[in-house]
Amino acid sequence: MRTLNIIGSGRVGRACGRLWVQARVFEIQDVLTRSKESASNGVKFIGAGHAVGGLAEMRGADVWMIATRDDAIVPSCRTLAESGKITPDDIVFHVSGATSSSELKPVKERGALIASVHPIKTFTDAELAVQTFSGTFCSAEGDPEALRVLRPAFEKIGAKVFDIASELKSLYHAGGVFACNYLVVLVEAALRAHEKAGIPRAASLKALEPMVRETVDAIFDKGPARALTGPISRGDVLTVRRQLAAVEAWDAAIGGLYRSLGLIAVALAEADGRLDAARANELRAVLSGK
């Protein structure tokens, strides 16, 4: 069984660590975080390993997992490279969706194989993540020799691993931001609009919930084009013009959001055959301010 050291023991590192212990994938060896106390808590959650207070205390390992926050990945990698603990063909990987494995260049120069495997999952709670991890899709990129070890390691704990291009990592991660983070922002924009119209936030949230849930279900059941409803899908130019004017008069930034998203909605409705070219162009003219 290959040995694994973990640098950074946040929710992703802890959840994967425990799952690997349970599935007997890796022998968890040493765990390093910002403090010895935090490392001890990580080891306790994982159920294996030895908490250390510094990199100097870590033993050599077959695999090194960097599970820090994104802005600490490169500094951690650089420190690891300078420690002298990396030997040729060690595997060093991180679990960030926003950072390419190429950022692990300092250890690659020491002979390590590098990679990144990113679970497409929200890790709001490590315990819950352990319970719900099976079936999680994970993107992977990096050295083929490293992925030949990491792919089955993730698959054995229930992941569905697929390859992405390292050079397009930022674009890939932005897709997740649109689908997850910005969905939250869109609901917030809706709540603010309702508040301006005199509806209390709590009441608005309850009123919007069924519609939002039905829309999300429709997206994954029918696809985005068929799930699209509303004035643009119907070609209702007058309503779009009135809404845009009202939103921009209230909040220019959200008005800009209405314009940008509206143009994408026009393209969806036109591609789905619900708008003819003339009506689609009329809507584009309104939304682009021409």
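Data for the structure
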{"read-out": "Number of Lys pairs (Cα under 24 Å; 8 or more positions apart or on different chains) in the chain", "value": "15"}
{"read-out": "Residue among 113, 257, 32 with the largest mean-square fluctuation in a Gaussian network model of the chain, springs linking Cα atoms under 10 Å", "value": "257"}
{"read-out": "Cα long-axis angle, helix 144-155 against the chain (0 to 90 degrees, to the nearest 10)", "value": "70"}
{"read-out": "Trypsin sites (Lys or Arg not before Pro) restricted to DSSP loop in region 43-73 with at most 15 other C-beta within 10 Å", "value": "59, 69"}
{"read-out": "Length-normalised contact order for the chain - Cα pairs under 8 Å, 6+ apart - percent", "value": "11"}
{"read-out": "Computed over region 1-99, Kirkwood Rh from alpha-carbon pairs, angstrom", "value": "13.1"}
{"read-out": "The chain: angle of helix 252-271 to the longest principal axis, Cα-based, in degrees nearest 10", "value": "90"}
{"read-out": "Net charge of neighbours whose Cβ lies under 14 Å from the Cβ of residue 100, counting Lys and Arg as +1 and Asp and Glu as -1", "value": "-3"}
{"read-out": "Helix axis angle, 73-82 relative to the chain longest principal axis, alpha carbon, degrees", "value": "20"}
{"read-out": "Per principal axis, descending, Cα span of region 171-288 in whole Å", "value": "40, 34, 28"}
{"read-out": "Listed residues 190, 48, 277, most fluctuating in the chain (Gaussian network, C-alpha, under 10 Å)", "value": "277"}
{"read-out": "Between region 1-79 and region 258-284, the Cα center-to-center distance that results, in Å", "value": "50"}
{"read-out": "Of (i) 69, 38, 32; (ii) 51, 44, 37; (iii) 62, 44, 34, the label for Cα extents along the principal axes in Å derived from the coordinates", "value": "(i)"}
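We did not get these values from a lab; they are worked out from the coordinates using the rules stated. Since we're looking at a predicted model, the values are computed, not measured. In this analysis, Cβ positions are derived from the backbone assuming ideal geometry, glycine residues included, and neighbour counts consider all displayed protein chains.
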